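**Student:** Shown below is the structure under consideration.
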């Protein structure tokens, strides 16, 4: 547990720590929260902090902004990490906050990093001190609070969504680090052209910490030419070897990307579908997971409008299992493009959900006696299978008027084929038979 008002890093600390903003004027990004007129900006300027949680990817300033807000309101600041802290540490922080209020008349901000890692009991231990005003709670999380925080705690916090920082803002950060002689690299004779700075900013993928770490490593590998330290494209490529885009397996970014892939296929946009497929593959997603999801798309969104979609999706999965990476990835791309271009129908998906709802909620309805199996003499004597009409003996192999449902569900219609692809013919056939 750490308590502080100031957060100037040691001169030997990493560049990202030294360049941590100390005021809103230095803070970059998050203008959707901090622009003039925004409620969070107004609360900061008025010195009236409230309990909140910052939700966003790494390196976008969650901890920094928490410290800036606390300092601007002259609050005592206690920092906890959910990885290390438990109920005991929370109680100690509350006791410290109460003592600070009594002896110095200051409010206390308790900042909990990775608050999504707290168990339900740990989260519950925060409710009373928030409710009584003993502490102002600031949380930070990379995970969706609506999934990771219990409702009682979430109802006491305001959620602010923080976004990845735009490359242009990261370039400004890099230039500030290069010119700052006290905290940055301004005392060194570094030469980095604008193109390389932009490449660093893009490689950082919205993460200010990663951006400054890349700059620091690149500066350490700079080529000395006539007394100047040159960071060129070749140096940067060496630094970026093995760089991967942000991909949080099992987290929100993971599910957001697979959602984007699925919705691009459903929306008949093969180009966007290919992009999201490649984003996931490039980020390290298991191709077999993608293959399973592609098979699901084939049934859910294409269905009987083009049954070949399911066959192609399964073939793509088998091809990847046989070939592995990178050869097998092309089969996944082929399936994704085909499904995106195929006629769409969710009729089977809708029908399945409706039938499942009836199956779950209609109770144990009996099988109609004419549909029952009759393998024994007794069952035949009881009428099992009697009056059953053998469809193949009927005109068009269809027993018009026959009921195959339990009696209370007679006449149910789940499957409604759409007017696209093969389902046009399926719909026409069903309409014809049902009129007979």
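**Student:** GNM, the chain, Cα, under 10 Å: largest mean-square fluctuation among 321, 381, 195?
**Tutor:** Looking only at 321, 381, 195, the largest GNM fluctuation is found for 381.
**Student:** With the radius of gyration and the Kirkwood radius both derived from the Cα set of the stretch 252-341, what is their ratio Rg to Rh? Mind showing how you got there, number by number?
**Tutor:** Numbers: Rg = 11.6 Å, Rh = 12.5 Å.
Reported Rg/Rh, Kirkwood definition of Rh: 0.93.
**Student:** Please arrange 427, 377 by how many other C-beta atoms lie within 10 Å of their C-beta, fewest to most.
**Tutor:** Details: 427 18, 377 8.
Least to most surrounded, the residues fall as 377, 427.
**Student:** Let me ask another. Suppose the chain between residue 95 and residue 288 were pulled fully straight at 0.36 nm per residue; how much longer would it get relative to their current alpha carbon spacing? The partial results should precede the final answer.
**Tutor:** Numbers: separation 193, 0.36 × 193 = 69.48 nm, distance 5.09 nm.
My answer for the length gained is 64.4 nm.
**Student:** Counting DSSP beta bridges in the chain, what percent are antiparallel, to the nearest 5? All intermediate terms of the calculation are to be shown ahead of the outcome.
**Tutor:** On the way: 6 of 27 bridges.
Bridges in the chain are about 20 percent antiparallel.
**Student:** OK, next. How far apart, in nm, are two points set 7 Å out from the Cα along the Cα-to-Cβ line at residue 429 and at residue 22?
**Tutor:** Here the answer is 7.7 nm between the modelled labels.
**Student:** Okay, next question. What does the extension gain come out to for residue 350 and residue 240, with contour length at 0.36 nm per residue minus their alpha carbon separation?
**Tutor:** Result for the pair: 34.9 nm of gain on full extension.
**Student:** Quick check of the Kirkwood formula: for the stretch 276-429, what is the inverse mean of 1/r over all pairs of different Cα atoms, in Å? Mind showing how you got there, number by number?
**Tutor:** Details: mean 1/r = 0.0530 Å⁻¹.
Final number for the Kirkwood radius of the stretch 276-429 is 18.9 Å.
**Student:** For the stretch 335-400, max minus min Cα coordinate along each principal axis, in Å, sorted largest first?
**Tutor:** On the principal axes, the stretch 335-400 reaches 57, 35, 22 Å in Cα extent.
**Student:** At q = 0.07, 0.10, 0.12 Å⁻¹, what base-10 log of I(q)/I(0) does the Debye formula yield for the chain when every alpha carbon is treated as an equal point scatterer in vacuo?
**Tutor:** With no solvent term, the Cα-only Debye profile gives -0.58, -0.92, -1.10.
**Student:** Arrange the following residues from fewest to most other Cβ atoms within 10 Å of their Cβ: 327, 395, 79.
**Tutor:** Fewest-to-most ranking of 327, 395, 79: 395, 327, 79.
**Student:** For a quick check: sort 280, 379 by the number of other beta carbons within 10 angstrom, fewest at the front. Before the final figure, lay out each step's value.
**Tutor:** Working: 280 23, 379 13.
Lowest count first: 379, 280.
**Student:** Which of the three applies to the stretch 100-162, rounded, prolate or oblate, going by the alpha-carbon gyration tensor with a ≥ b ≥ c and a/c under 1.5 meaning rounded? Don't skip to the answer; put the middle values down first.
**Tutor:** Details: a/c = 2.25, a/b = 1.76, b/c = 1.28.
Taking the square roots of the gyration eigenvalues as a ≥ b ≥ c, the stretch 100-162 is prolate.
**Student:** Dividing the alpha-carbon Rg of the stretch 88-236 by 2.2 N^0.38 Å yields what?
**Tutor:** Details: Rg = 21.8 Å, N = 149, 2.2 N^0.38 = 14.7 Å.
With N residues counted in the stretch 88-236, Rg over 2.2 N^0.38 Å equals 1.48.
**Student:** Rounded if a/c is under 1.5, else prolate if a/b is larger than b/c, else oblate: which is the stretch 2-161, with a ≥ b ≥ c the root eigenvalues of its Cα gyration tensor? Numbers along the way, then the final one.
**Tutor:** Details: a/c = 1.34, a/b = 1.21, b/c = 1.10.
Judged from the Cα gyration tensor, the stretch 2-161 comes out rounded (a/c under 1.5).
**Student:** Can you give the FRET efficiency to the nearest 0.05 for residue 405 and residue 193, using r as the Cβ-Cβ distance and R₀ = 56 Å? Walk me through the numbers on the way to the answer.
**Tutor:** Working: r = 74 Å, r/R0 = 1.32.
The computed FRET efficiency comes out at 0.15.
**Student:** Output the 0 to 90 degree angle, nearest 10, between the alpha-carbon long axis of helix 287-297 and the longest principal axis computed from the alpha carbons of the chain.
**Tutor:** The angle comes out near 50 degrees.
**Student:** Beta carbons within 10 angstrom, averaged per residue: use that to sort the peptides 125-134, 259-268, 404-413, 222-231, highest first.
**Tutor:** On the way: 125-134: 15.8, 259-268: 18.7, 404-413: 11.5, 222-231: 13.2.
Going from most to least packed, we get 259-268, 125-134, 222-231, 404-413.
**Student:** Report, in deg cm²/dmol and to the nearest 500, the calculated mean residue ellipticity at 222 nm for the chain, where each DSSP H run with n ≥ 4 adds -39500 (n - 2.57) and the sum is divided by the residue count.
**Tutor:** -14000 deg cm²/dmol
**Student:** Please list log₁₀ I(q)/I(0) at q = 0.13, 0.24 Å⁻¹ for the stretch 167-239, using the Debye equation with identical point scatterers on the alpha-carbon positions.
**Tutor:** Taken in order of the listed q values, log10 I(q)/I(0) reads -0.31, -1.10.
**Student:** Starting from the Cα of residue 72, step 7 Å along the direction of its Cβ; do the same at residue 221; then give the gap between the two resulting points in nm.
**Tutor:** 3.8 nm
**Student:** Ok, one more. Classify the stretch 349-435 from the C-alpha gyration tensor, please: rounded if a/c falls under 1.5, else prolate or oblate depending on whether a/b exceeds b/c. Could you put the intermediate results ahead of the total?
**Tutor:** On the way: a/c = 3.05, a/b = 1.42, b/c = 2.14.
Oblate shape, in that a/c is at least 1.5 and b/c is the bigger or equal ratio.
**Student:** Pulled fully out, how much extra length does the chain show between residue 378 and residue 179, if you take 0.36 nm times their separation in residues and subtract their Cα-Cα distance?
**Tutor:** 62.1 nm
**Student:** Could you grab the relative contact order for the chain? Cα pairs under 8 Å, six or more apart, rounded to a whole percent. Can you show the working numbers first?
**Tutor:** On the way: 648 pairs, mean separation 48.1, N = 436.
Taking the mean separation of contacting Cα pairs over the length of the chain, I get 11 percent.
A short reminder: the numbers here are calculations on the coordinates, not readings from a lab. Model, not experiment: these values are computed from the prediction. Virtual Cβ from ideal backbone geometry, glycine too; neighbours counted across all protein chains shown.
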